[in-house]
Each structure stands twice: as C-alpha cells, then as structure tokens.
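Everything on this sheet refers to the single structure shown next.
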Amino acid sequence: GNEFMSLTNTSFRLVTGEDVLPWPIEKALLTMKRGETSLVTVNGSKLLDSTNTRMYGEHVDAVDTPEFTVTCHNFSKVKEAFELENTTEKVDAALEYKQFGNGFWTKNNFPMANRHYSVNAT
C-alpha cells in the first residue's frame, strides 16, 4: 500500500489515552516487550481518538485495513501517587497531569480533561 506517515527513528513520549495514536496501536504497545517489533493491522473504522474523531481520515478510509510497523524501544511505568518520595515529585506530577488536562480542555474533550484533573487531585 501507500505509506502515508513515517516516524522512523523518531522517539516520543506516549502516555496511553492521550490521543497521540489510535487505541488499537496503543493497545498493541501495552502488550509489547522492550525491543519488540510488531506489525499491527487495524480496521480503518477503528482509527479513532477519544472523541471518536477519525485519525488519519484524509489518508485512510473506514473500509481500509492499514498496517503499522511498531517498535517498543523502551518504556517506563508512571509512579502512583503513593510511590512518590517527596513533595517536589508530587508537585511535578500534579503539574504534568494538569497540563495534560488543559490540553484536552482546549480541544473540548471534557471527559479526558476531567480524568486528568481527578488524578491530579489525589
């Protein structure tokens, strides 16, 4: 098929549920081990963000089945609030969640914004 997007040799921070990638690709990444490469085939109608807006809509029709080659180079799990060791770490984590929430608020995605604000309050 046609290559409509390439992120070869590009690293980025992926936080699940942040609408960076469609959910089927995020789900595949969550099951992968460090260094693993996988070919992920997704039904074009499933390439949605959290507001059910089609991602890559200008390139992929709902009837297409695009394939994504995904490599998990490294990952780290986010520390839970009770695992943070000092006040500085807690404040930094709260500010980060607030920034994510603000990003969703500006996109009128209020359920996702509320999720981040709620995590921020704990």
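The values are calculated or read from the model by the stated rules, or taken from the named source; none is laboratory data. Keep in mind that this is a model prediction, so the values were computed, not measured. Backbone-built Cβ (ideal geometry, glycine too); neighbour counts: all protein chains shown. Each accessible area value is taken on the protein alone, full model and side chains, heavy atoms only, with ligands, DNA and RNA left out. Shrake-Rupley method; radii C 1.70, N 1.55, O 1.52, S 1.80 Å.
Taking all protein chains as shown and a probe of 1.4 angstrom, K27 keeps an accessible surface of around 120 Å².
Charged neighbours of T88, selected by a Cβ distance under 15 Å, balance to -3 (K, R count +1; D, E count -1).
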